[in-house]
Amino acid sequence: MSTTINQSPATKSPKILVFSTDKISDPGIDQAGLRKIHYAPSVYVISLPCSSGIKPKWILHALEHGFDGVFIAADGHECSYSSRCAEHTNTIVEASQELMKEKNINPRRVRMAALCSVCAEPFASHMENYGKILASLED
Amino acid sequence: MSRVNPKFATELSKYGSSDFNACFNCGNCTATCSLSTADSSFPREMIRYTTLGLEDDIKASLKPWECYYCGECSSECPRQAEPGELMMSLRRWLTAKYDWTGLSGLMYKSLPLSIAAFVLTFVGVLAFAFNADFDLEHMMHVGHLFEAIAIASIMVVIFVPNIIRMWYFTIVKPGTKVPFKKYVSSMGEFFVTMFVQKRALDCDDNRFRWFEHFILVIGYLSLLFTTVFMDWFSTQYLAVNIFGYVMSAIVFIVTVDFVNSRMKKKKALNKHSQPSDWFFVIWLFLMGLTAFMTRLFIDLNILETNKWLYILHFTVLVQWALIIVPFGKWTHFLYRSFAMYFAKLKEK
Amino acid sequence: MKQRIGVYICHCGGNISDYVDVEELGKMFHQEENVVVSKDVMFACADSNQKDMVADIQANNLDAIVVCSCSPKLHLHTFKNVAARAGLNPSNYVQVNIREQCSWPHSDRPREATVKAAGLIRAGINRVSYSESLENIELSVKKSALVIGAGVSGMKAAIDLARSGNEVFLIEKDFFVGGRIAQKETLFPTNQNGKEVVAALYNEMKKFPNITIFTGATVEKVSGSLGNFTVDIKVKPRYINPNADKKAVKRAMDECPVNVHDDFNLGLVERKAIYKNYPEALPDVPVVVAEALKDATDFTGKFASTLNLNEEAQTLSLIAGSVLVTTGYDHYQPKEGEYGYKTISNVVTLPELNRLMEMNPDKLVYNGKQIKSLAFIYCVGSRQTKGDNKYCSRQCCTSTIHTSLQLKEKYKDIQTYHLYRDIRTYGKQELMYAESSKQGDLYFKYEEKEMPVVSVDGKSTIVKVKDYLTAKKEMEIEADLVVLVTSMVAREDATTISELFKIPIGRDKFFNEIHPKLKPVETVIKGVYIGGTCQGPKNVSESVQSSLAGASKITALLKSGTVSVDPIIARVDADKCTWCGKCSDVCDYTAIKKVLFGEKHVAGVNKAVCTGCGICAPVCPENAIEIAQYTDNEIESMIDGFVMDFDIKEKGAGKTVEVEEEGKVGMKEYPQVWREILAGMTDEKNTIPEIATNSKLASELVTFHLMTMNRYGVVVPAGMDAKETYYYYKVK
Ligand SMILES: Cc1cc2nc3c(=O)[nH]c(=O)nc-3n(C[C@H](O)[C@H](O)[C@H](O)COP(=O)(O)OP(=O)(O)OC[C@H]3O[C@@H](n4cnc5c(N)ncnc54)[C@H](O)[C@@H]3O)c2cc1C
Ligand code: SF4
Ligand code: SF4
Ligand code: SF4
Ligand code: SF4
Ligand code: SF4
């Protein structure tokens, strides 16, 4: 028997795009997998060198093309590139929210948190909480 | 607020233990000790008091008496600080502190002095025998009398004041209020400890050792009773006579085993024998043996021709009664029993 | 856009295929127009598969490949190398993580995991179709190294670098080499004399003509980058005539009438205005504090030919291929009143005590009073849960205990008290701790919330401590000297070095490596390494280990004369750029400079300096900056891939995909290691140890694979061996 599925899982749990960092938060997310800690399969991850390199336009692109929320798994104080990383990433979040406002997108659809290279459980619980928040949003 | 006094360590090492400074307070000893409880935890606490020189706290403590020196703690200590040996040394030190004459302390600290005392008593006995023209009957009469008088006077002059001092240090000075009723109701603890040493049974290591101790105490007390009150050496009753033989035999047989294990030094508790320990077992052994022989010679009717045996027995007796009982290790037996009693009083 | 893409989807021996229907996905992507090869493979990383991939690439003329398997942290380079071997530029390769980020975390929902995997793979294909062939950036490097700081770390590294044939410039801020170890008479654990170690290292350095030492020198300006740093240094004058007679210099030192603050002895005494740190200090030329001799004209007149008070500072420009920073640490300076420091006369720090011990060979005397008892308070300025220095300074427990042993050895009748929070004498240093307690040193444990208090009571100094080893009893300790065991802190001028070289500084103010385990001496600045205590607290042996690690890294770097650096860096679209300078402002590495492009000014990226962090990209108002491999096209097409709809045939009737019945999965090929195991299975029945010996593989490996092979019905158990410890296996 063959069925066509049409985003059926995603209609249940919100689609979240996660931006992670190659050296710190992405290994943390890998760790969650390694330890079979479950989170929603509607979570997709793109890993970058540094969270301060995310362009607001990418965030907007994701939200306009089917993602319900964007989550930035930043390095916080651990970033090896810049001691001002958290500050920079924050600026990016604010800039995205400006753009989102113009398009009438709820600013809560982008969120950032620091995640470390062994933060497996925290990642899963972030996804669960954020998923709940997104599910409750009506924009 | 307690003032730290590192000099105390040097003082205490004269009573035996010397490695306690190695302790790094891991607490293994306390964890392993089968007698230590949550309410009364040792030996680490005593080690701590000792290294810091908190004399008053040590003097007020009954914990050294709660230890039966099974030696478990010493074998477990990762720093070889010999906590068990420290507890033993503290008992010696406390004995010296309780003793108002100060002689205990002197004898613990100085072997020559102890030997001098033994020699002196021996000379005294010889002088007495000489004076009595080696008249056996007279000597035995005096001997018997001496035993009764010595027990009574040591009791009154030494033990009673010392026990009162112990009571003062451990109960009165630390400010423990004990209602009179409790003094009476806790009496049981005292007698049980005195005769059964039942706490030693809680030691994990060795029921046989406890049994030996128990038999020895019974044997020793019975021998004392038979000689002093039943007048064993002149008794006509066969039952008393045999009883005397058995008891004296028990005393010297058990002590032989004790000497043996002290020589082998297998167990922690036997590793560090002090002169006072040797004196105690050897004299106990001699007591049993010479008493046994004396009665045997009487029964064989050859004592008259072997007066030296009685003089020897008498010497041992005098030394035992005047040196070892009041100032030596024998007192531990007494203080321990009182310590249990006092501990019971302190219980809430 | 790539037109001939190869896609490989890995079973990972069941790790992926148990939950994700890889066979179905393999078929599905085969239908995509720009996908030429799409396969499911048992072990993508197996040698056999790697060979097949090379053959595929060459036979089908593939222009990009995607491997959908485990995390790129494991096999990115494996498959990049496959591409390279097949003659394909490695940057046309994308790895899709369908194990750690799909099959495993979603093992509870296999059906949805398959859908997610489809999205991830689609995104990977989209991304690779925008991939460009990037070439590594080749830079030529000067075969010379600059070492900053001539402490034990710097000197050891300089010797090592010189021995490997590099030109070495060693820059020391002080006028004498040696750093902190010269200040300690005996060093644990070897009890060597600090000054003798310094002298031995200095004499060793002198044997190498390719080491140039600059003392009294500081870095003023840095330009250039990996392979070609230009560093301007300023060398301060010594004011001694280089041709002066040695004896005259000696006489001038003796007769100098002016005294100045003695930094080397931490201000415990004063020194002459013509001084050496200590008599044997090296280089063997004293220094004149010219400022202090301004008014001593009689004296300066007398020694006019010896002194050269008009000497000027020199500025030199050095060119170095790489830089090693070994600038060391400072002692924490207690605040006034901290445990009575500076307010109670007999409170000193541990470094001060170490100086005192050296100055008092027979009797320890301080303030005219003989010291017989000392109380050490540990962790002063370290482990402050609420303060700045949250870290443990690592070596101070051992230093203190070692000092305590030295005190006893040197002065015999001395009692020490140690008020600690935790004793951290790790490794062999533990033996010193045991020795110290055995010699009668007394230890007290305090907690941060109840710190010891130092007070004066008549003539004596009392330390009160709530001792956690004695049921928190309040203890009073009388001590002739109270010693604060102060922490190691970053050098005050570390920020200057950090700004000059752009080395990131951590919250503890020490220099930061990239990764404490994986890149322990590398900084994010290419070509700049750190070693020794400028990185964080260390004892001598740890300091030297790290600086030597830095030295070998540099030697490897400089060896070939060129280095190739990752091409993943920023690039500016000169047409769009209007030179607003915003990108240049945020770049911590000053990689962006204003350059002329035709008629206009635009932002230009220094390829050797850019780290590819991407911080500049989002700030550009013109969106003129992209990071290679993270272009808008690549990222946005990935997002598009994630959200695409898929037609996926569902297996079986149920809602979720059942794991295939054991033993039914068809194997198209066995991984190499399976073949080796099978070759090692000689006759009917073999136990794991037998197979391991026959196939020369580790028995754990054999165990692991036999289990999988058993599941796939390649082998089956055939009873137990006689001792009932192992199963026999046979080929099915
Ligand atoms: C009280 C105390 C006792 C210790 N005892 C021992 C011990 O017994 N055994 C042991 O193994 N470890 C001991 N240590 C640790 C030991 O001191 C260090 O591990 C060692 O000194 C580190 O050497 P270094 O070369 O990294 O740093 P440093 O010794 O600090 O040397 C750094 C050098 O760089 C120079 N410098 C700094 N900034 C600049 C600049 N901007 N430009 C040019 N030059 C610069 C400095 O002048 C100095 O010469 C002790 C530490 C303390 C605090
Ligand atoms: S076991 Fe030894 S080191 Fe540990 S607390 Fe007891 S005596 Fe001290
Ligand atoms: S010797 Fe035995 S009874 Fe005494 S403290 Fe040690 S473990 Fe406890
Ligand atoms: S090494 Fe010891 S004294 Fe130094 S900070 Fe760490 S714990 Fe404190
Ligand atoms: S931010 Fe953009 S426009 Fe401004 S200088 Fe940089 S690249 Fe040019
Ligand atoms: S990516 Fe941009 S911010 Fe980062 S180092 Fe390169 S030029 Fe500087």
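The values are calculated or read from the model by the stated rules, or taken from the named source; none is laboratory data. For clarity, every value in this text was computed on a predicted model and none was experimentally measured. Backbone-built Cβ (ideal geometry, glycine too); neighbour counts: all protein chains shown. All accessible areas refer to the heavy atoms of the entire protein, side chains included, with ligands and DNA or RNA removed. Shrake-Rupley method; radii C 1.70, N 1.55, O 1.52, S 1.80 Å.
Using DSSP to call loops (not H, G, I, E or B), can you name the chymotrypsin sites (Phe, Trp or Tyr not before Pro) in the stretch C:260-305 whose Cβ has at most 10 other Cβ atoms within 10 angstrom? Write down the numbers at each step before the final one.
Working: sites: C:Phe264, C:Tyr275, C:Phe299, C:Phe303; in loops: C:Phe264, C:Phe303.
Hits after loop and neighbour filter: nothing returned.
Please identify which residues in the stretch B:294-334 have an amide N closer than 20 Å to a label point set 7 Å out from the Cα of B:His138, following the Cα→Cβ vector.
B:303-315, B:318
Can you give me the solvent accessible area of C:Ser560 with a 1.4 Å probe, rounded to the nearest 10 Å²?
Near enough 90 Å² of accessible area.
Take peptides B:44-52, C:220-228 and line them up by average Cβ neighbours within 10 Å, highest first, as a rough protection proxy.
Values: B:44-52: 24.6, C:220-228: 17.9.
My ranking of the peptides, most packed first, is B:44-52, C:220-228.
Roughly how many Å² is the accessible area per residue of the stretch B:107-346, as a whole number, for a 1.4 Å probe?
Working: 12110 Å² over 240 residues.
Per residue, the stretch B:107-346 has an accessible area of 50 Å².
Among C:Leu407, B:Gln80, C:Met53, whose Cα lies farthest out toward the positive end of the dipole of the protein assembly as shown, if unit charges sit on the beta carbon of Lys, Arg (+1) and Asp, Glu (-1)?
C:Leu407
Taking every DSSP beta bridge that has both residues in the protein assembly as shown, what percent is antiparallel when rounded to the nearest 5?
Numbers: 62 of 130 bridges.
Here the share of antiparallel DSSP bridges comes out near 50 percent.
For chain C, with the dipole built from +1 on Lys and Arg beta-carbon atoms and -1 on Asp and Glu ones, taken about the Cα centre, which of C:Leu701, C:Ile371, C:Gly719 lies farthest toward the positive end?
C:Ile371
Show that you can apply the helix-only estimate: for chain A, add -39,500 (n - 2.57) for every DSSP H stretch of four or more residues, divide by all residues, and state [θ] at 222 nm to the nearest 500. Show your work: numbers first, answer last.
On the way: 5 runs with 59 residues, N = 139.
Taking each H run of at least 4 residues, the total per residue is -13000 deg cm²/dmol.
Quick one: grab the alpha carbon gyration tensor of chain A, order the square roots of its eigenvalues as a ≥ b ≥ c, and give me rounded if a/c is under 1.5, else prolate or oblate depending on whether a/b is larger than b/c. Walk me through the numbers before you get to the answer.
Numbers: a/c = 2.01, a/b = 1.17, b/c = 1.72.
It is oblate, given that a/c is not under 1.5 and a/b is not larger than b/c.
Once both labels are modelled 7 Å past Cα along the beta-carbon direction, what's the C:Val235-A:Glu138 spacing in nm?
About 7.9 nm, to one decimal.
Please report the base-10 log of the normalised intensity I(q)/I(0) for the stretch C:336-485, using a Debye sum with one equal scatterer per alpha carbon and no solvent, at each q in 0.17 (1/Å).
-0.99
Would you work out what percent of the accessible area of the stretch B:107-346, with all protein chains in place, is carbon or sulfur (probe 1.4 Å)?
Details: 8810 of 12110 Å².
It is 73 percent, rounded to a whole number.
Are there residues in the stretch A:20-69 whose accessible area shrinks by at least 50 Å² when all protein chains are included rather than the chain by itself, and which are they (probe 1.4 Å, ligands and nucleic acids not counted)?
The answer is A:Asp30, A:Lys36, A:His38, A:Tyr39, A:Pro41, A:Tyr44, A:Ile46, A:Pro49, A:Lys55, A:Lys57, A:Trp58, A:His61 - residues whose exposure falls by at least 50 Å² when every protein chain is included.
In Å² (nearest 100), what accessible area is buried between B and C, both sides summed, heavy protein atoms only, 1.4 Å probe?
Values: alone 16910 and 34990 Å², together 50120 Å².
Rounded to the nearest hundred, the buried surface is 1800 Å².
At each listed q (0.10, 0.13, 0.14, 0.18 Å⁻¹), what is the log10 of I(q)/I(0) that the Debye formula gives for the stretch B:1-135 modelled as equal alpha-carbon point scatterers?
Here the Debye-derived log intensity ratios amount to -0.41, -0.60, -0.66, -0.96.
Peptide C:104-114: average number of partner chain Cβ atoms within 10 Å per residue? Numbers along the way, then the final one.
On the way: counts 8, 17, 9, 3, 3, 4, 1, 4, 9, 2, 3.
So the per-residue partner count for this stretch is 6.
Residues of C:433-444, mean number of Cβ from any other protein chain within 10 Å of their own Cβ, rounded to a whole number? Kindly include the intermediate steps, with their values, before the conclusion.
Details: counts 2, 5, 1, 3, 10, 7, 2, 7, 3, 7, 6, 4.
Per residue, the number of nearby Cβ atoms from other chains is 5 on average.
For C:Glu196 and C:Leu134 in one chain, what is 0.36 nm times their gap in residues minus the Cα-Cα distance, to one decimal in nm?
Details: separation 62, 0.36 × 62 = 22.32 nm, distance 5.34 nm.
Stretched out fully, the C:Glu196 to C:Leu134 stretch lengthens by 17.0 nm.
Evaluate the distance, in nm, between pseudo-label points positioned 7 Å from the Cα of C:Asp254 and of B:Phe191 along their respective Cα→Cβ axes.
Rounded to a tenth, the inter-label distance reads 9.3 nm.
Once you wrap a convex hull around the alpha carbon atoms of chain C, what is its projected area averaged over all directions, in nm²?
Details: hull surface 181.8 nm².
Quarter of the Cα hull surface area: 45.5 nm².
List the residues of the stretch A:71-120 that lose 20 Å² or more of accessible area once all protein chains are present, compared with their chain alone (1.4 Å probe, heavy atoms only, no ligands or nucleic acids).
A:His77, A:Ser80, A:Tyr81, A:Ser82, A:Ser83, A:Arg84, A:His88
Can you pull the one-decimal nm distance between simple spin-label points at C:Thr590 and B:Ser110, each 7 Å off the Cα toward Cβ?
Distance between label points: 8.4 nm.
Report, in deg cm²/dmol and to the nearest 500, the calculated mean residue ellipticity at 222 nm for chain C, where each DSSP H run with n ≥ 4 adds -39500 (n - 2.57) and the sum is divided by the residue count.
On the way: 19 runs with 211 residues, N = 732.
The per-residue figure over chain C is -9000 deg cm²/dmol.
Which angle from 0 to 90°, rounded to the nearest 10, does the C-alpha axis of helix B:111-131 make with the longest principal axis of chain B?
Compared with the principal axis, the helix lies near 20 degrees.
Where does helix C:632-642 land angle-wise versus the long Cα axis of chain C, in degrees 0 to 90, nearest 10?
50
Within chain A, which complete DSSP H helices have Cα atoms spanning at least 18 Å along the helix axis and a mean Kyte-Doolittle hydropathy of -0.5 or higher? Write out the running numbers ahead of the final one.
Working: long enough: A:85-102 (26 Å, -0.54); A:120-136 (25 Å, -0.24).
Qualifying helices, which must be both long enough and hydrophobic enough, are A:120-136.
Could you report the stretch C:246-312's accessible area per residue, 1.4 Å probe, as an integer in Å²? Walk me through the numbers on the way to the answer.
Details: 3770 Å² over 67 residues.
Using a 1.4 Å probe on heavy atoms only, each residue of the stretch C:246-312 averages 56 Å².
For the stretch B:7-98, which whole percent of the accessible surface, found with a 1.4 angstrom probe, sits on carbon and sulfur atoms?
On the way: 1190 of 2820 Å².
C and S atoms contribute 42 percent here.
If we sort C:309-317, B:237-245, B:319-327 on the protection proxy, mean other Cβ atoms within 10 Å, highest first, what's the order?
Numbers: C:309-317: 12.1, B:237-245: 14.1, B:319-327: 21.7.
So the order, starting with the most tightly packed, is B:319-327, B:237-245, C:309-317.
Between chains C and A, what is the buried accessible area in Å², counting both sides, with a 1.4 Å probe and ligands, DNA and RNA left out, to the nearest 100?
Working: alone 34990 and 8130 Å², together 38470 Å².
Counting protein atoms only, the buried area is about 4600 Å².
If you count, for every residue in B:44-53, the Cβ atoms of partner chains within 10 Å of its Cβ, what is the mean? Walk me through the intermediate numbers first.
Values: counts 2, 3, 0, 1, 6, 2, 0, 7, 10, 1.
Mean shielding by partner chains, rounded to a whole number: 3.
Run through every distinct alpha carbon pair of the protein assembly as shown and return the Kirkwood hydrodynamic radius in angstroms, one decimal place.
Numbers: mean 1/r = 0.0260 Å⁻¹.
The Cα-based Kirkwood calculation yields 38.5 Å.
What order do you get for C:611-617, A:113-119 when each peptide is scored by the mean count of other beta carbon atoms within 10 Å, highest first? Can you show the working numbers first?
Working: C:611-617: 26.0, A:113-119: 19.0.
With the highest mean Cβ count within 10 Å placed first, the list reads C:611-617, A:113-119.
Got a sec? Which residues of the stretch B:1-37 lose 20 Å² or more of accessible surface with every protein chain in place, vs. that chain alone, 1.4 Å probe?
By number: B:Met1, B:Ser2, B:Arg3, B:Val4, B:Pro6, B:Asn21, B:Ala22, B:Phe24, B:Asn25.
Tell me the carbon and sulfur percent of the accessible area for chain C, rounded to whole percent, probe radius 1.4 Å.
On the way: 15930 of 31820 Å².
Reported share for carbon and sulfur atoms: 50 percent.
Tell me the per residue accessible area of the stretch B:7-98 using a 1.4 Å probe; a whole number in Å² is fine. Each step should come with its number before you reach the end.
Values: 2820 Å² over 92 residues.
So the stretch B:7-98 comes to 31 Å² accessible per residue, rounded to a whole number.
For chain B, what is the calculated [θ] at 222 nm in deg cm²/dmol (nearest 500), taking -39500 (n - 2.57) for each run of four or more DSSP H residues and dividing by its residue count? Present the calculation step by step, with values, prior to reporting the outcome.
Working: 20 runs with 234 residues, N = 348.
Counting only the DSSP helices, I get -20500 deg cm²/dmol.
Calculate, for A:Arg108 and C:Lys696, the FRET efficiency according to 1/(1 + (r/R0)^6) with r their C-beta to C-beta distance and R0 60 Å; round to the nearest 0.05.
Details: r = 59 Å, r/R0 = 0.98.
Working from the Cβ atoms, E equals 0.50.
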